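Below is one structure, written out as structure tokens, with a few remarks after it.
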Amino acid sequence: MRRDSGGRIDRDTTLRFTFDGQEYTGHPGDTLASALLANGVRQVATSVKLGRPRGIVSAGGEEPSAVVQIEAPFPEPMLPATTVELYDGLVAAGLPGQGRLATEPDPARYDAVHAHCDVLVVGAGPAGLAAARAASGTGARVIVVDERSEPGGSLLGTRESVTEPGADDVLGPQEVGSGADWAAATAAVLEAMPEVRVLRRTTAIGYYDDNYVVAVERRTNHLGAAAPADVARERVWRIRAKRVVLATGAHERSIAFAGNDLPGVMLAGAARAYVNRYGVLPGRRAVVFTANDSAYAAALDLADAGVEIAAVVDVRPSPGAAWTAGARERGIQVLSGHVVTAAQGDGQVSSVLVGRHRPEAGAAVGEQELAADLLLVSGGWNPVVHLFSQSGGTLRYDDALGTIVPDASRQAVEAAGAAKGVFTLSGCLADGAAAGYRALEAVLGRAVGERPATPRATVETPTTPGQAFWLVPATDYRSHFVDLQRDVTAADVQRATGAGLRSVEHIKRYTTAGTAHDQGKTSGLLTTAVVAHALGTTVGELGSTTFRAPYAPVSFAALAGRDRGALHDPIRVTALHEWHVANGALFENVGQCKRPWYYPRAGEDMESAVLRECAAARESVAAMDASTLGKIDVIGPDAGEFLDRLYTNMMSSLAVGAVRYGVMCRPDGMVFDDGTVIRLAEEHFLVTTTTGNAATVLDWMEEWLQTEWPALRVHLTSVTEQWATVALVGPRSRELLAELAPDLAVGVADFPFMTWREAEVAGIPARVCRISFSGELAYEINVTSWDGLRLWTAIMDTGRVTPYGTETMHVLRAEKGYPIVGQDTDGTVTPQDLGMSWVVSKKKPDFVGKRSFARADTSRPDRKQLVGLLPEDPSYLLPEGAHLVADAELPAPPVPMLGHVTSSYRSAALGRTFALALVKGGQSRIGERLYAPVGGALVPVTVTSHVLYDPEGARRDG
Amino acid sequence: MLLISCPWCGPRDEAEFHYGGQAHVAYPDNPAALSDEEWARYLFFRDNPKGRFAERWSHSAGCRRWFNAVRDTATNEIHAVYRVGEPRPVTS
């Protein structure tokens, strides 16, 4: 219920929200959790495996229990109610451990920022603010990130106050006011400095090499439907820092006892925060169960706010006198040397069983039942060491503190304050300031002379050591929960150790403890302790599981940022693209390139369009946009020698004016790429590559040139984008070219196959190559990209040329048995396997791949070789990827696989379907019948030569 | 995200670079003279130490130059960067 006053909420404004179908109200400054508690809602969710009722355990991002689904304004799954800032119109529902992704597209924008700074401070609690203040003001660039809506950290949830040392000795020390006021004032001072940036609602999620920290800023999530559409909802900060101070605070941990998952069982510090920060009483009558002093502060704050404290149950035989005195002043009984043995109630806590702690007896004795609707628990505090551990830092178990603390890191980072195991306010303020100064001095490379005195806590109650206490002994551990989110109990952990597991890493995977969205923030060390108890060892001996990024759940949308939809990957189009679009082309993605796939006419499907395009290329004249082929200028006195080393065939012997097809292999002899090489001048070659491999081939060439042959005088330049290329194909291509290029001698003798000429085509300066990827008489006309559209339009405006796309190109080349690297090859195929022994030079002493052709493996007779396949049913189209077997009936598994179909098409020229395939010993199987198992049937096919059309090459010259 | 000092461009984010495996594995002078086993060693065998490792990087989204680095594979610390053709520096 809501207190009459107090809390950092705006009581003058009322926010309406809906939870599990019920309408409620809250105030700005509330979280969904605090608003639910204010409305008396105790059960928020049900557990994932056991379906047990679950309530609110914490007041922050460590929440292991109260997981909700946001329904409106935009669906978002699996958010802890403790981190959802309340806004008007919020609709949410409790979750049974699993959320639901939105089905509609996320309309919000997400973006990312790269930032550099001298000192990054993670956490704006007392230590973080003190560190930031120490590090700033001398010009060092400081970034402070904090996950909460306002700075102050733990100060927001306590009644502590801070005293600033006086500006001069005359005034003396001045109490600034509440700790939260001090935090706000300090943050304001920092924000006023031009070189300091304070990021609220920003969670550092990952700490990577070389002080690279990734943080996610939630910019408009808390505004609900009022979020402006032009502001990114979330922003990823990629921060490279010279020094990092991790002031990430500490998480309170629970104690394992029976029924410790009932709604109404809450961490003591969280209850204190609900009272002080949110003005909410999380219950009416509370029992406090603790093993350290901090829960007394919670008990006193709750008592002063009007909650009846039935008892403070302290496992320690002699708790600190100062704190017990405070309790007794308020009439609170302190049961020292006692434990809570069970929380009881139907759906929520209604009573608590308390007994005298008798570890040697195996169970508590003298149990009594205390009526209570709230049970506060404090098993101690765990420094938030996640980021420190991710940085490569080592951790150690501190026996005195009873927890894991940062030890050493190889990166320029240090933990400060509670994150380091300093648990007093004055200690955190001093430690943070010291860390800030150390970071500054490291950045400046010199000592900072004058250091103003640091602020301190106004009132500090002396503390006594806590006791590392984890598990209340019992005979039945089946409701002693360690991980609420994963429904893991101490009994489950004991079953794991009983099965022989010893490592906490293995037990984590076996029990799933610590693997939920909260990643075991409150349960990890408790799990280790229960393991230690079962194995008779210590927490320090076992250590913790590895801390991995992300520290907190991150939405994929934030990580994707602007890189989605059309911006996910660059879209590359050719100079002719607008014509293709205007003329109804459908497109195929080849790498990043959009290539026309086919140009359907009204009423045509893909099959009929492609058959028509193929027929035009074989019988008349057709044209294709071939601009996307990779093009690389290879220039220099040693260009020929360079290409000789990379291609399997000889390139240095190529005459100026001539063109040669070439294959490149990797050193292991496997085909890497193919294309044509044309010699433009004595020291200037132009190499073409497959479309998808253009960048890879250039990288490959650069690698060999720079790392193996730096003495070669060669320069490599990508010119793919600089040229537009039109393939003009078909028996009537010569007469069309003659019309478009009247000055070009196009006769067979004047312009033979595999040569190139410079000429004006349609009035545009062009380089015309007589090469063919279809077996037909064909030309490739290259003009500058600026002129590409003009050339293409001139060709099309003749009205006699059929445009065709990549599908037709594939059919035409496959009919001729020309392989496509990456489709008919897969990195295990040699040129010889492709039936191209002729492209492998016998004369050259060496080239990349040559030595491998002498390996036994590359001359195995059962290598997979490229062959053609004719389905016996000439209308049957084999699926690409289909396997091939020898027998008409499948033998018992394992069935010997002979190969697979790599390309499969309907051929207009052949009047039937056909395929290419890689088949074991394929070249010696020509004429054999094989079978393709497809959909339960065995489809008979006949093996043929891979060259199915015009094997004599009669059509090449038209 | 490593911060890698390109010998030509200075410190840049790892995302600008391409990894190239072990350094100082030269293409053999005369592959034809090698036994199958020696050739297979060149093709398929590389060191995989825990600790300092000389390896190749390419500043592929920057100056496009290849260079070498000595990186500790256990800690990701880069102890030296040097240009192609230069000997591996002594980094102890």
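The values are calculated or read from the model by the stated rules, or taken from the named source; none is laboratory data. The model shown is predicted, which means the values in this text are computed figures rather than measured ones. Quick reminder, even Gly has a Cβ in these numbers, built from the backbone with ideal geometry, and neighbours come from all protein chains shown. The area values use the complete protein model at the heavy-atom level, side chains included, leaving out ligands, DNA and RNA. Shrake-Rupley method; radii C 1.70, N 1.55, O 1.52, S 1.80 Å.
Yes/no per residue for (1) surrounded by fewer than 21 Cβ atoms within 10 Å (Cβ to Cβ); (2) assigned to a loop (DSSP other than H, G, I, E, B); (3) touching a His at 6+ places or on another chain (Cβ under 8 Å):
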{"position": "A:Asp633", "(1), (2), (3)": "yes, no, yes"}
{"position": "A:Asn649", "(1), (2), (3)": "no, yes, no"}
{"position": "A:Pro667", "(1), (2), (3)": "yes, yes, no"}
{"position": "A:Asp673", "(1), (2), (3)": "no, no, no"}
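For the range B:13-28, taking the residues that are of a type in the set (A, V, I, L, M) and more than 8 Å from every other protein chain (Cβ to nearest Cβ), the one that is most open to solvent (accessible area, probe 1.4 Å) is identified as B:Ala15. Taking the conditions exactly as written (at positive phi, open to solvent by less than 40 Å² (accessible area, probe 1.4 Å) and at pLDDT 95 or above), does A:Gly427 satisfy them or not? No. For the range A:592-616, the set of residues classified as farther than 26 Å from A:Leu777 by Cβ and surrounded by 18 or more Cβ atoms within 10 Å (Cβ to Cβ) consists of A:Cys593, A:Lys594, A:Pro600, listed by residue number. Out of all the residues in the range A:377-392, is one or more in contact (Cβ under 8 Å) with a residue 60 or more places away in the chain, under 14 Å from A:Asp314 (Cβ atoms) and either out of contact with any Lys or Arg (no Cβ under 8 Å at 6 or more places or on another chain) or outside any loop (DSSP other than H, G, I, E, B) (or both)? Yes, because at least one residue in the range A:377-392 is in contact (Cβ under 8 Å) with a residue 60 or more places away in the chain, under 14 Å from A:Asp314 (Cβ atoms) and either out of contact with any Lys or Arg (no Cβ under 8 Å at 6 or more places or on another chain) or outside any loop (DSSP other than H, G, I, E, B) (or both). Look at the range A:221-245: where a residue is more than 14 Å from every other protein chain (Cβ to nearest Cβ) and a partner is of a type in the set (Gly, Ala, Ser) and in a strand (DSSP E or B), sitting 6+ places away or on another chain with Cβ atoms under 7 Å, you get A:Arg235/A:Ala112. Taking the range A:393-437 as the range and being within 14 Å of chain B (Cβ to nearest Cβ) and in contact with an Asp or Glu (Cβ under 8 Å, 6 or more places away or on another chain) as the test, the residues that pass are A:Gly393, A:Thr394, A:Arg410, A:Gln411. Name the residue that is farthest from A:Val848 (Cα to Cα), counting only residues in the range B:29-41 that are open to solvent by less than 80 Å² (accessible area, probe 1.4 Å) and more than 8 Å from every other protein chain (Cβ to nearest Cβ). Top of the filtered list is B:Ser35. The set of residues in the range A:848-877 being in a strand (DSSP E or B) and closer than 11 Å to A:Ala915 by Cα consists of A:Leu866, A:Val867, A:Gly868, A:Leu869, A:Leu870, A:Pro871.
Just one of the listed residues (A:Asp518, A:Asp476) is open to solvent by 20 Å² or more (accessible area, probe 1.4 Å) and not hydrophobic (A, V, I, L, M, F, W, C), namely A:Asp476.
For B:Thr75, the conditions (1) in contact with a Lys or Arg (Cβ under 6 Å, 6 or more places away or on another chain); (2) within 26 Å of A:Ala695 (Cβ to Cβ); (3) of a type in the set (S, T, N, Q); (4) at the interface with chain A (Cβ under 10 Å from one of its Cβ atoms) are fulfilled apart from (2). Among the residues of the range B:56-66, those that are within 9 Å of chain A (Cβ to nearest Cβ) and in contact with a Lys or Arg (Cβ under 9 Å, 6 or more places away or on another chain) comprise B:Ser58, B:Arg65, B:Trp66. When restricted to residues that are among the charged types (D, E, K, R), exposed (fewer than 12 other Cβ atoms within 10 Å of the Cβ) and either under 42 Å from the mean Cα position of the chain (by Cα) or within 14 Å of chain B (Cβ to nearest Cβ) (or both), the range A:854-871 contains 1.
Out of all the residues in the range B:42-55, is one or more surrounded by 12 or more Cβ atoms within 10 Å (Cβ to Cβ), out of contact with any strand residue (DSSP E or B) (no Cβ under 9 Å at 6 or more places or on another chain) and facing chain A (nearest Cβ under 8 Å)? Looking through the range B:42-55, at least one residue is surrounded by 12 or more Cβ atoms within 10 Å (Cβ to Cβ), out of contact with any strand residue (DSSP E or B) (no Cβ under 9 Å at 6 or more places or on another chain) and facing chain A (nearest Cβ under 8 Å). Of the strands (runs of 3 or more DSSP E) lying entirely inside the range A:23-124, those containing at least 2 residues that are at pLDDT 95 or above and open to solvent by 40 Å² or more (accessible area, probe 1.4 Å) are A:110-122. Within the range A:663-680, is there a residue that is small (Gly, Ala, Ser), more than 11 Å from chain B (Cβ to nearest Cβ) and over 27 Å from B:Pro31 (Cα atoms)? For the range A:663-680, residues small (Gly, Ala, Ser), more than 11 Å from chain B (Cβ to nearest Cβ) and over 27 Å from B:Pro31 (Cα atoms): absent. Listed by first and then second residue, the pairs linking a residue in the range A:689-703 that is closer than 22 Å to A:Phe773 by Cα to a residue that is in a helix (DSSP H, G or I), with Cβ atoms under 7 Å apart and 6 or more places separating them unless they lie on different chains, are A:Thr689/A:Val697; A:Ala694/A:Thr720.
So that you can scan it fast, the table gives a plain yes or no per residue for (1) closer than 28 Å to A:Arg100 by Cα; (2) more than 22 Å from the chain's Cα centre (by Cα):
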| site | (1), (2) |
| --- | --- |
| A:Thr489 | yes, yes |
| A:Gln494 | no, yes |
| A:Gly514 | yes, no |
| A:Val531 | no, yes |
| A:Leu567 | yes, no |
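Listed by position, the strands (runs of 3 or more DSSP E) enclosed by chain B that each have at least 1 residues that are within 12 Å of the chain's Cα centre (by Cα) are B:18-22, B:52-58, B:66-72, B:78-83.
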